[in-house]
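See structure below.
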Amino acid sequence: MTYQFTKPGGRSRILHLLFAASGAAALIYQILWLRAFSSVFGATAEAASAILAAFFLGLAFGSDFFGRVADKTARPLRLYALLELGIAVCALLALAALAAYRALYDELYRLLAEAPFLFTLAKLVLTGVALFPATALMGGTLPALGRALVGDAGPLGQRGSRLYAVNIIGAVAGALLATFGLALWLGNRGAYVLAVCLSLLIAGLSGWLAREESPQPAAAPAPSPQAVTSRSLSSERLLVLAFGSGFATIALQVLWTRMLALSLQNSVYSFGSVVAVFLAGLGLGALLVSRLLKRYGAWRILRVGLLATAALVLLTPAVFELVSGRIAEAGAQAGLLSHSLSVVGLVAAVILAPVITSGMTLPCIWELWRGRPGCGSRLGRPTAVNTLGAIVGPITAGFVLLPSLGLGTSIAVLGLLYILMGEIAAPRAERPRRGGWESAAVYPALVLILLFSSPTRLQVVKVGAGERLVWHEEGARGAVAVIDREGDWRIKLDNHYAIGGSRVVVEERRQGHLPILIHPDPKRVALIGMGTGITAGAALVHPEVERVVTMEIVPEIIEAARTYFRRWNAGILEDPRAEVVLEDGRNHLAGTDETFDVIIGDLFVPWREGVGSLYTREHFLKVAERLRRGGVFAQWLPLWQLSEREFEIVAATFLSVFDRVTLWRGVFSPFGASVALVAHTDGRKVDLDALAARLDRLRESDPFADGFLGEVTGFMLLYAGDLTVREGRYERTPLNSDDRPRIEWLAPRTLLAVQRGEVRWYTGEDLADLYDDINGARTLPGDSLFQWSGREPRIYRLAGARFYRAEVAAAAGEPERANELRRQAYQILETGGVP
């Protein structure tokens, strides 16, 4: 084995494998850093941009700085080994910084929450301080290893491209591992330790190989200006192209991800599939350059690649329109692996070709670079400038292009930018010929694309039969639309997610009324998630409520609620008692020092990326801190989107934080059931005699009559029982935490399993069985929460369970059984006995 390492070819292969492993570790770090810092700074688009910008800033600095260092060192392989060792050490230090930021965040939020720009800047600075050492070292690995393997006089375009491609292929593997298994199998912390160990292994093996490294002389001085020939591109123009390529490529990644989200379920798996395809395209582009350089000049490959990218970018919206239906249906009847492969294949059909051609730009620039002649600088300086472009690109795409131009026009603008770069890439010798044959071949094709397949005509909002588009807006978090379907006004996000609607106004208001009515004296109310604002608006009907704080992460949803749902949400955005906070609800509660009598968690789509963090133990603990003495926390759960397994994970996590938890029905719909887990922070009783008076006032003041909240009997029928009686059954149920985000990983799999008929949502007979199981005990601890001169609470939970089972029977086409169950429920209410 030692002999193989001493052979040049064998050593080169080993180092290429190590560099692939380095790419895998880097992507695992990046994904885990994004999750970890988002859990501290919020899952907003601004916070994500700040985190990614900090990551890329370190890479840019490291590429340039260590590129120059590599040119001066006689043993670049040893430098590479030290860089990998430093990455492992600094990655551990980043964890320590993250722990410190958790302690600092509350004070930071109080100081800067009212100044969004300064708050985002602070997030960028803090993330940069934590990640800069590790990412700067990462940026130096390519120049250092490139000089060790290629040397100053070697064919940099060919060998450097292969090395770069190998690193990206490793990054694809890292992205897939981080997406499809590591966090679920090992937890985020375990996955992080694995990445650190991988960096240490790479450092050790490359350091061992460096023992027999032959010293290299320092790079020669830079060539004189006369060395730049008529077929060369100046260093300044090459740097412009490097910056423009990084800008356009990563900006397109943002736009294409937004476009694909119009058809894909935006889960952690779909996002990981898009990232993997994108990285694979960049790697394939680099490999293609290494082949083409054997036959063609780098400047011609560069120019053809840029112009071909322009044409392919302009075509992507049309290709997306052709396959979007298949994307939405991809693998619907298959398992996770088959589904993901189908998604990858269809995503590749849309974006892989333009990513490959765009991935050819940077390797060509390395070959053409005429600045410092050392291999480290030739790799480092253009890569650094390219990375700086990658910082500006996504910020421009998300916060400038999308809101001002829309998705299709933004893609067209970037396509035109590639045309401009193609002209910049034309050498002086080609200008008298008006750019050569490339112009004659490509420009007519571009004109045809713009005429017959204009990306500006991309249909962002899908309107179905009987629907009318009232309004839509595109932003960094998605495409928001207001749809009118025969009088039912709804908000939709990315065509998939219905954010409430006017047809269910009574049910949505009930989600606000119920927790407020459970509290005997609710002064301050907070709601996590706004949607239409209908649930939040219900709080304004209660005269006891003095302040309502609603948290929403998507600004376009706030605008839709303000403009189009005022008649149903009681003008929540204009009422002086109400405040709407544009911030991640979890992080607002973590940062504010305000406390509340009632906190309400909205219904969230569980498989949507990032939503699982709202069901974690850490979030529930922070909610408990924000509750005043005797406070009530209600977390609503959409059981038509959760399996029994997910419900039990959330319930077990909830019970691990709160001592007393009752379960309440939102509706009696058999297959559209929703329930609330309600935490009671002390033994304060609900005085039902006093509640009867509050219900009378509510009935008179609420313009949307709710039959269940018109009197005490209806209110109590929503009471399903005390969930703590099942706590023993949840002892072995795993919890959902920031380290083990089980809901985020399991919910998309459950969706596929339901579509295949292998799993059922937790509704119908299954939910009826849960109610009966809770009601198995004659008395429950939760019954003591109620104080009343009337009948015992047990009567109502038993009757409510029979009513629900009657609805299930009716939906199953069993009218006789349904009528019998209703008769039994009425008998329980009349006599207090169980038939």
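The values are calculated or read from the model by the stated rules, or taken from the named source; none is laboratory data. Predicted model, so just to flag it, every value in this text is computed and none were measured. Note that each Cβ is placed from the backbone with ideal geometry, even for glycine, and that neighbours are counted across all protein chains shown. Please note that ligands, DNA and RNA were not included when accessible areas were found on the heavy atoms of the full protein model with its side chains. Shrake-Rupley method; radii C 1.70, N 1.55, O 1.52, S 1.80 Å.
What does the C-alpha gyration tensor say about the overall shape of region 713-789? Classify as rounded when a/c is under 1.5, otherwise prolate if a/b is larger than b/c, or oblate. It is prolate, given that a/c is not under 1.5 and a/b is the larger ratio. The mean sequence distance of close C-alpha pairs (under 8 Å, at least 6 residues apart), as a share of the length of region 535-638, puts its relative contact order at 27 percent. Normalising the Debye intensity of region 64-143 to I(0), with uniform scatterers on Cα atoms only, and taking log10 at q = 0.13 Å⁻¹ returns -0.53. The orientation-averaged shadow of the Cα convex hull for region 677-807, equal to a quarter of the hull surface, comes to 11.1 nm². Once the Kirkwood radius over Cα pairs is known for region 368-412, the Stokes-Einstein relation at 4 °C and 1.567 mPa s delivers a diffusion coefficient of 104 µm²/s. For TRP471, the residues 5 or more places off, or on other chains, whose built amide H falls under 5 Å of its own are VAL482.
Taking only alpha carbon atoms, region 618-670 gives an Rg to Rh ratio of 0.99, where Rh is the Kirkwood radius. All Cα-Cα distances of region 257-297, cut into 5 Å bins from zero to the largest, leave 5, 21, 19, 14, 12, 9, 8, 7, 3 percent in each bin in turn. Volume of the convex hull of region 614-736 (Cα atoms only), normalised per residue: 128 Å³.
For LEU627, the residues whose modelled amide H falls within less than 5 Å of its own, excluding neighbours fewer than 5 places apart on the same chain, are PHE596. At a probe radius of 1.4 angstrom, the accessible area of region 39-195 per residue rounds to 37 square angstrom. Using the alpha-carbon positions of region 269-327, Rg (one decimal) and Dmax (whole number) come out as 14.6, 41 Å.
Expressed as a fraction of 2.2 N^0.38 Å, the C-alpha radius of gyration for region 511-623 is 1.01. In the chain, what percent of the accessible surface is made up of carbon and sulfur (1.4 Å probe, ligands and nucleic acids excluded)? Reported share for carbon and sulfur atoms: 59 percent. Averaging over all projection directions, the Cα-based convex hull of region 1-110 occupies 8.8 nm² in the image plane.
When peptides 283-290, 516-523 are sorted by average Cβ neighbour count within 10 Å, with the highest value leading, the order is 283-290, 516-523. Couplings for region 349-362, taken from phi via the Karplus curve 6.51 cos²θ - 1.76 cosθ + 1.60 with θ = phi - 60°, read 4, 8, 10, 5, 4, x, 5, 4, 5, 5, x, 7, 5, 4 Hz in order; Gly and Pro are left as x. Counting only protein heavy atoms and a 1.4 Å probe, region 589-723 has 31 square angstrom of accessible area per residue.
Judged by the mean number of other Cβ atoms found within 10 Å, the most tightly packed of the peptides 101-111, 260-270 leads the ranking 260-270, 101-111.
A Förster distance of 51 Å, applied to the separation of the beta-carbon atoms of LYS523 and LEU186, puts the FRET efficiency at 0.70.
Per residue, the average separation of C-alpha pairs within less than 8 Å and at least 6 apart gives region 664-761 a relative contact order of 19 percent. If the reach is capped at under 28 angstrom between alpha carbons, list the lysines near LYS685, excluding any in the same chain fewer than eight residues apart. Filter leaves LYS523, LYS622. Normalising by residue count, region 339-378 has a Cα convex hull of 71 Å³ per residue. Inverting the pair-averaged 1/r between distinct Cα atoms of region 741-835 gives 15.4 Å as its Kirkwood hydrodynamic radius. The Cα center of region 732-756 and the Cα center of region 488-522 differ in position by 25 Å. For region 259-272, the Karplus equation 6.51 cos²θ - 1.76 cosθ + 1.60, evaluated at θ = phi - 60°, returns couplings of 5, 5, 5, 5, 10, 8, 5, 7, 9, 4, 6, 5, 5, x Hz by residue, with Gly and Pro reported as x. Over the chain, the fraction of Cα-Cα pairs per 20 Å bin, rounded to whole percents and listed from the shortest bin up, is 15, 43, 29, 12, 2, 0.
The alpha carbons of region 97-176 give a radius of gyration and a Dmax of 19.4, 57 Å, in that order. In the calculated pair-distance distribution of region 556-597, the portion above 12 angstrom amounts to 67 percent of the Cα-Cα pairs. Note: region 458-532, Cα convex hull, 108 Å³ per residue. Taking every C-alpha pair closer than 8 Å and separated by at least 6 residues, the mean separation divided by the residue count of the chain gives a relative contact order of 12 percent.
Each part gets one Cα centre, and for region 809-827 versus region 242-275 those centres are 51 Å apart. Expressed to the nearest 5 percent, the antiparallel share of DSSP beta bridges inside the chain is 60 percent.
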